[in-house]
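Shown next, in structure tokens, is the structure this report addresses.
Only the coordinates and a few stated rules stand behind these numbers; no lab work does. Note that this is a predicted model, so its numbers are computed, not measured.
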Amino acid sequence: MAADWTTIASLATATGTMVLALATFSSVRSSNRSARLAERALSVRLRPLLMAGRLEDPPQKVRWGDDHIEKVEGSEAVVREVDGSHYLAFGVRNAGAGIAVLHSWQLAPDDGSADAEQPDVSRFRRHTRDIYVASGDLGFWQAAIRDADDEFRAVAEDLIGQRKVFAIDIMYGDHEGGQHTVSRFSIAPLGEDRWLCAVVRHWHLDRDDPRADD
């Protein structure tokens, strides 16, 4: 039986096309994977991560816009009421590889729950200025509650007046304006007029939560 060269040629062409398509698909997948890995590596180099200050950290002088000045010691927090104004501050360390830019915050009760839900950042209060903390460096966070009709005032007067544990949630990101994260700092009474600061939770806003169930 004579070979049908037309059919054989068509089959060979089809096989070659399929092999080329598979090779192209594999190459595209490999390129996409390499691009994702490169993007992830770049993100890691830019990602900040705030932690509480250490006991041995040097004191920092913090000044507010009304010229009120406090000294922040190590891992302690400043919680001070002066003439009806509440001044809050504590030291932070940037354990990440990128510069941290602190954008906004909220004050909230802290029940110590490990199942705390991610805060609603639309309710956060923007800082009057951005606060920068360099990678591997020590910095601070600060805020004040002054106005009589401030929505945080009633919460502050209850929690601080009764010397209860409370939380400060800080939203921050990298210097490129991405990788937004919320870190929760727990402020607990320590002695008669002292407060201790510790970080208890991080929420990544621009990517999946690593603690989320599959």
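Considering all different alpha carbon pairs of segment 86-213, the Kirkwood hydrodynamic radius works out to 15.4 Å. Entry note: segment 103-149 has Rg to Rh equal to 1.02, where both radii use alpha-carbon atoms and Rh is the Kirkwood radius.
Full extension of the chain segment joining residue 206 with residue 15 gains 64.3 nm, where the gain is 0.36 nm per residue of separation less the Cα-Cα distance.
A full extension of the chain between residue 190 and residue 71 corresponds to an added length of 41.2 nm, given 0.36 nm per residue minus the alpha carbon distance.
Taking every pair of Cα atoms in segment 156-201, average 1/r, invert it to obtain the Kirkwood radius, and report Rg/Rh to two decimals.
Working: Rg = 13.6 Å, Rh = 12.0 Å.
In segment 156-201, Rg relative to Rh is 1.14.
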